[in-house]
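Below is one structure, written out as structure tokens; comments come after it.
Where a number appears in this text, it was derived from the coordinates with a stated rule and is not lab data. This one's a predicted model, so the numbers in the text were calculated from it and none came from an experiment. Note that we place each Cβ from the backbone using ideal geometry, even for glycine, and neighbour counts take in every protein chain shown.
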Amino acid sequence: MQTRLKNILPVCLFLFMLLCPQAVFSGASKGLMLWFEVVLPTLYPFLLLSGFLLVTGNLHVISSLLGGICSRVFGVSRNGSFVVLTGFLCGYPMGAKTAADLYESGYISHEEGRYLLSFCNNTSPSFIMNFLVLQTLGDQTLLLPSLLILTAAPVIVSFLTRRLYHLNANRAQGHKNAPQGIPENNWNFHEIDACIMNSFETLLKVGGYIILFSVILSLLQVMDTPTWLDCALSFLEVTNGLAMLGSLHLPMTLSYPLMLGLTAFGGLCAAAQTQCMVQRAGFPIGPYLMQKLAAALTASLLGILYLSIC
């Protein structure tokens, strides 16, 4: 049955695209512009520099600055603190890619990589402030509450998932094969070229998923669907999904928790990007999805609590 469904869905999507070419063009255009105007300039510098830190072995600079704090708060190794930094500040899918890269380079263990993936792959603060609060909600008073809630939700999840991966035993020393000492800075431009190509490969994969999910969402919007289904469909892709929730004119007591939950979850598009980043490292996507759903539920409940108090 599952195999038949996998075979039928692409055929139905292809036929639907033939019947609605204008919706396909509109969705692809929105996805392309989102990738070109937002994702490319935001993500590329961080992809390039994080790759450069890895190939030159200069990760110890960041680890020495943040390792102590992150080890005490999150129970990660000093090298793992770099994933915490990128996962909370750089947006999808930087946390996932950094965790996978550090594991493949021997800086962290497989268990720590999975643990870091459970809470360090989040929407960037810039997206939260600019798109969620200012553009979609249009209320500057929600800037600080939204940032605090969407930061607190994955942190709360981390305290729950830490027990699943039994990190207490190896928290201090990190991975036994991690490079030691301060490396010699004997890098060359061949390594820079490799970092550039790797960064663009990642960006092209991310862009491909964004365009694909934008097209699917545009096709689904052609149909006259009820409000509850529109709310469910918004969880396909976070940017278009937030815009869809904003256009439904729902009461604040419903729209704000839904938007917080969607932003914390990241949408199925972000999950597909994450799967693309971590499949070579062998991190399973099933537990990650459950953990992101837990973060989404936590963020929604915190949003409800905030509205009831304030």
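Here are a few things to note about the model shown:
- The angle between the Cα long axis of helix 252-265 and the main principal axis of the chain comes to about 40°, on a 0 to 90 degree scale.
- Hypothetical label at S64: residues of segment 93-112 whose amide nitrogen lies under 20 Å (7 Å Cα-Cβ projection): 107-108
- Put simply, the Cα atoms of segment 195-296 extend 46, 29, 20 Å along their principal axes, the longest span coming first.
- Whether segment 1-142 is rounded, prolate or oblate, judged on the alpha carbon gyration tensor where a/c under 1.5 counts as rounded: prolate
- Compared with the dominant Cα axis of the chain, that is its longest principal axis, helix 94-104 is turned about 40°.
- Two-site label geometry, S126 and L229: point separation in nm, points 7 Å out along Cα→Cβ: 3.7 nm
- Acute angle (nearest 10 degrees) that the helix 143-165 long axis makes with the longest principal axis of the chain, alpha-carbon atoms: 60 degrees
- Per-residue ³J(HN,Hα) for segment 240-246, Karplus 6.51 cos²θ - 1.76 cosθ + 1.60, θ = phi - 60°, Hz, x for Gly and Pro: 5, x, 5, 4, 5, 5, x
- Net charge dipole size for the chain [Lys, Arg +1 and Asp, Glu -1 on Cβ; Debye, nearest 20]: 740 debye
- Candidates S300, S146, S105, ranked by Gaussian network fluctuation over the chain, Cα under 10 Å, top entry: S105
- The aspartates and glutamates within cross-link reach of K292, meaning a Cα-to-Cα straight distance under 19 Å and a gap of 8 or more places when in the same chain, are E111, E112, E237.
- Of the residues K292, K205, the one with the fewest other Cβ atoms within 10 Å heads the list, and the complete ranking is K205, K292.
- Phi-derived couplings, Karplus 6.51 cos²θ - 1.76 cosθ + 1.60 at θ = phi - 60°, listed residue by residue for segment 21-37: x, 5, 5, 5, 4, 5, x, 5, 5, 4, x, 5, 5, 4, 5, 6, 8 Hz, with x used for Gly and Pro.
- Highest average packing first - 225-238, 88-101, Cβ atoms within 10 Å: 88-101, 225-238
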